[in-house]
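In what follows, a structure is listed as structure tokens, so that the remarks can point back to it.
The values are calculated or read from the model by the stated rules, or taken from the named source; none is laboratory data. Just so you know, these numbers come straight off a predicted model, no measurement behind them. Neighbour counts are summed over all protein chains in view; Cβ atoms, including those assigned to glycine, are modelled from backbone coordinates with ideal geometry.
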Amino acid sequence: MPHRAEPSPKTSSGRPAVAGGNPAFQQPILVTRPVAPNPERYAEISAEIFASQWMTNDGPTTRRLEQQLQEHLEVAFCATFSSGTAALLIALRGLDLSGEVITTPFTFPATPHCIEWNGLKPVFCDIDPHTYNLDVEQISARITPQTSAIVPVHVFGNPCDVIGIQEIADRHGLKVIYDAAHAFGVRAMGRPIGVWGDLSIFSFHATKIFHTVEGGAIVANSRDHLESLTLLRNFGIVNENEVRGIGLNGKLSELHAAVGLLVLTEIDREIDSRARLTRHYRERLQEIEGIRFQKSADGARGNYFSLALEFSESEFGLSRDQVCEGLRAENIFARKRFYPLCSENDCYSHLPSACSEGLPNARRLSENILTLPLYGALTINQVDGVIDALLRLRSNAASVRQALA
Ligand code: T4K
């Protein structure tokens, strides 16, 4: 009997589960799993928090975490928030933007949602088909007199063309707010990711490499004029007598900050493990026809947040959706990230920039992409089980197509 989530002893020559074979895994292999903080240490820190009776509102644990993050991320400013979404909402609010904001459709819905929630209009721009990030060549064509900012996303932790984007922003007097939700610990052109643009936001959701269960941060290369952002996460309250700005409740609690302090001690190990697993995936899949990997940006040091593959149906023999279904039958839960494009959802599809003719690269990628399981606690043996299952689907493509018809 195979061990819990250990792969069954099948090779790429067996029959896929979707076509009547046994599943590769007895237990589900999910696309990601959070780093778990040490439970004894968490019990100790939370006991201290309970004893202090200070649970939230800029407490000492949150301050300690912000200090440590500022050092780790090598930034001058770091303010934590209750989520990456709250951080992006407030980052956009704090820069006092108006009119249109250029962004990518190949992202999680939070990115355009935060633009809309600020009363701004998202303008979708196509992406580079290799790096998956905003295509700098196309940004200029989307700029109008109403444009006030660009919100690029470092997709799957792959840095954007930070220099090209800054040149355009400087030329047109635009703000740049990076959605760095995936990019904790990444470097671009030899510098930490958080120093680029006017502001960057991170997500500290449990699905991220560094997390506080729920949480996020705004970071920047300078502290100038940024204290107002910290006020906005607490309703804009300056003191008992003054409220400055229309803020909201976007604070990180002390218990969430405690998780962050402990997860931060695991971060190097987590990234190293993901790097090793990614190398293994690449070594075994690099030469397989019909599979293409995301191209790392020039001068980047990545964090191995996600392992995204683009499938070519004509070369691989199966569509992305067929591969996804086939893997699911093997108990492997890959994800179609990001599908559908944000621009294809009802809330955005009416926008002129959402028209699919203007977004051919994003559209093609969204229809063909699959992210495979990748997290530090995964074993090489399990990765081999995933790869074997994938290759088995490929070598039995005709029967897989038939089973799924
Ligand atoms: N900008 C970008 C580019 C983003 O990707 C995100 C969030 C944001 C902004 C906003 O940041 P936050 O406000 O969320 O901090 C997940 C996350 O909820 C979301 O944070 C993240 N991006 C997005 C990419 O992924 P779902 O709907 O895919 O999550 P879910 O529940 O399907 O979980 C994904 C996998 O993780 C599953 O296989 C199960 C596993 N998982 C999940 C949780 C919550 C666990 O193993 N344990 C867990 O506790 O959105």
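Structural remarks
- Residue match in region 96-105 (condition: modelled with pLDDT of 95 or more, under 22 Å from residue 205 (Cα atoms) and either surrounded by fewer than 20 Cβ atoms within 10 Å (Cβ to Cβ) or among the basic types (Lys, Arg) (or both)): no
- Some residue of region 67-83 being closer than 30 Å to residue 324 by Cα and outside any helix (DSSP H, G or I): yes
- The residues of region 132-147 that are of a type in the set (A, V, I, L, M), under 22 Å from residue 180 (Cβ atoms) and not in a helix (DSSP H, G or I) amount to a single one, 134.
- Residue in region 199-216 that is modelled with pLDDT of 95 or more and more than 16 Å from the ligand (Cβ to nearest atom) present: no
- Filter pass, residue 190 being surrounded by fewer than 16 Cβ atoms within 10 Å (Cβ to Cβ) and either within 17 Å of the chain's Cα centre (by Cα) or not hydroxyl-bearing (Ser, Thr, Tyr) (or both): yes
- The helices (runs of 4 or more DSSP H) falling completely within region 297-405 that include 1 or more residues that are acidic (Asp, Glu) and over 25 Å from residue 165 (Cβ atoms) map to 313-316, 320-329, 360-368, 380-395.
- A single member of 364, 328, 392 is surrounded by 17 or more Cβ atoms within 10 Å (Cβ to Cβ) and out of contact with any Phe, Trp or Tyr (no Cβ under 8 Å at 6 or more places or on another chain), and it is 392.
- Inter-residue pairs, beta-carbon under 6 Å, first over 18 Å from residue 59 (Cβ atoms) and in region 79-91, second assigned to a helix (DSSP H, G or I) and not basic (Lys, Arg), 6+ apart: 85/110; 88/114; 89/114; 89/117; 90/229; 90/232
- Applying the set (1) among the basic types (Lys, Arg); (2) more than 16 Å from the ligand (Cβ to nearest atom); (3) within 30 Å of residue 53 (Cβ to Cβ) to residue 251 leaves exactly one unmet item: (2).
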